[in-house]
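The values are calculated or read from the model by the stated rules, or taken from the named source; none is laboratory data. Everything quoted here is computed from the prediction, not taken from an experiment. Here the Cβ positions follow ideal geometry from the backbone for every residue, glycine too, while neighbour counts run over all protein chains shown. Just the protein is used for accessible areas: all its heavy atoms, side chains included, with ligands, DNA and RNA removed. Shrake-Rupley method; radii C 1.70, N 1.55, O 1.52, S 1.80 Å.
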Amino acid sequence: MYTIAELARAYRAASDSYERFTVLRRAWGLAGRHGVKAVALALGLNPKWGR
């Protein structure tokens, strides 16, 4: 099982779009849309999804 911090580190270290997609897929598996949003926030991004 991955933590949000580990997924954020893996996303930063990813060398191509496939690896980044894999990280986001793991985040989705961890907590659905909220997991992906948490990784984005950990990366300093500002996702604006609906509610």
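Quantify, in whole percent, the carbon and sulfur part of the accessible surface of the chain (1.4 Å probe; protein heavy atoms only).
Exposed carbon and sulfur together represent 56 percent of the surface.
The residue among Val36, Leu24, Ala8 whose Cα reaches farthest toward the positive pole of the charge dipole of the chain, with charges on the beta-carbon of Lys, Arg, Asp and Glu, is Val36.
Here the contact order of region 1-44, divided by its residue count and restricted to Cα pairs under 8 Å and six or more residues apart, works out to 46 percent. Axis of helix 4-13 versus longest Cα principal axis of the chain: the two differ by about 50°, to the nearest ten degrees. Heavy-atom accessible surface of the chain, averaged per residue, reaches 74 Å², computed with a 1.4 Å probe.
For the chain, what does the helix formula give at 222 nm: sum of -39500 (n - 2.57) over DSSP H segments with n ≥ 4, over the residue count, nearest 500 deg cm²/dmol?
-24000 deg cm²/dmol
Per-residue extension of 0.36 nm, minus the Cα-Cα distance of Ala14 and Met1, leaves a gain of 2.8 nm for this segment.
Magnitude of the charge dipole for the chain, about its Cα centre and with charges confined to Cβ atoms of Lys, Arg (+1) and Asp, Glu (-1), is about 240 debye.
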